[in-house]
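The values are calculated or read from the model by the stated rules, or taken from the named source; none is laboratory data. Here the structure is a predicted model, which is why all the values come from computation and not from measurement. Because the Cβ atoms are built from the backbone with ideal geometry, glycine has one as well, and the counts that use them run over all protein chains shown. Ligands, DNA and RNA are excluded from the accessible area calculation, which covers all protein heavy atoms including side chains. Shrake-Rupley method; radii C 1.70, N 1.55, O 1.52, S 1.80 Å.
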Amino acid sequence: KTTFALNQVARMADDGISVGLISLEMSSYELVDKLFGITASMAPKDIYNKSSFARVIKESAKVEKLPIYIEAPLYNDAQKIFNIVRRLVSNGIKIVFIDYLQLLAHAGRFQNRNYEIGKITGSLKSLASELGIPIVILSQLRRKEGNPAPELSDLRDSGSIEQDSNIVIFLHQKEKGFSVTAEMECRISKNRGGGVGMEDVIFKKDLSLITAKDQFHE
């Protein structure tokens, strides 16, 4: 999920769109390493290889110019994260990615974790409307035995993620295992005001790069 988001962040930034990424899971250094794979086709082992020094300097200049703003706070308080979003938007950010939902915590007492998740997603929806920007929130998904493709029904016991989302995108790796290159499905299962469908993509794990395999289809 992080890699998929970073690929979108890199492509948007390359088109001149200012993008914010708030990561509660990875450090800014780890995220930049992944960006190198996406933008320069450099694996981590190549980035830290002395023979690649000249290329790293050249690619660093390119990455530095991209309008990507990364925040990796050491806290998970939802209200503080929302304040980071507001600050990013006040500085010209047009879209914010948050990685990821289950690491956020909301102040207060709740009947159970699902109610807390629902409070967070509802607050994020209100925040996106208040600021007039898309907020993309990444989420874990409970895996089923046998590796079936995920469905909207898989979210029904996870707060109100489905209800509060305008668009829901699932990622599904077709085959189990740890091959360097894997086929995945990018499934748009909910899209208010738009179509749903699926696109096959190729995940090059060593480069953190995700590329389309064929044309979008219904």
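Numbers at a glance
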| quantity | calculated |
| --- | --- |
| Positions within segment 174-218 being under 19 Å from residue 152 (Cβ atoms), part of a loop (DSSP other than H, G, I, E, B) and modelled with pLDDT of 75 or more, in sequence order | 192, 193, 194, 195, 196 |
| Helices (runs of 4 or more DSSP H) within segment 1-97 that include 1 or more residues farther than 22 Å from residue 130 by Cβ and under 18 Å from the mean Cα position of the chain (by Cα) | 2-14, 28-40 |
| Flag if residue 20 is of a type in the set (Gly, Ala, Ser) and in contact with a Phe, Trp or Tyr (Cβ under 6 Å, 6 or more places away or on another chain) | yes |
| Identity of the residue in segment 23-41, among the hydrophobic types (A, V, I, L, M, F, W, C) and crowded, with 21+ Cβ neighbours inside 10 Å, that ends up nearest to residue 78 (Cα to Cα) | 31 |
| Sole exception among (1) farther than 26 Å from residue 200 by Cα; (2) touching an Asp or Glu at 6+ places or on another chain (Cβ under 6 Å) for residue 180, by number | (1) |
| Residues of segment 148-171 satisfying the condition of being open to solvent by less than 50 Å² (accessible area, probe 1.4 Å) and assigned to a loop (DSSP other than H, G, I, E, B) | 149, 150, 158, 159, 160, 165 |
| Criterion (at negative phi, under 16 Å from the mean Cα position of the chain (by Cα) and of a type in the set (S, T, N, Q)) met by exactly one of 111, 140 | 140 |
| Among (1) closer than 29 Å to residue 80 by Cα; (2) in contact with a strand residue (DSSP E or B) (Cβ under 9 Å, 6 or more places away or on another chain); (3) surrounded by fewer than 13 Cβ atoms within 10 Å (Cβ to Cβ), the one test that residue 138 misses | (3) |
| Residue that is modelled with the lowest pLDDT, among those in segment 101-132 that are open to solvent by 20 Å² or more (accessible area, probe 1.4 Å), part of a loop (DSSP other than H, G, I, E, B) and within 23 Å of residue 20 (Cα to Cα) | 106 |
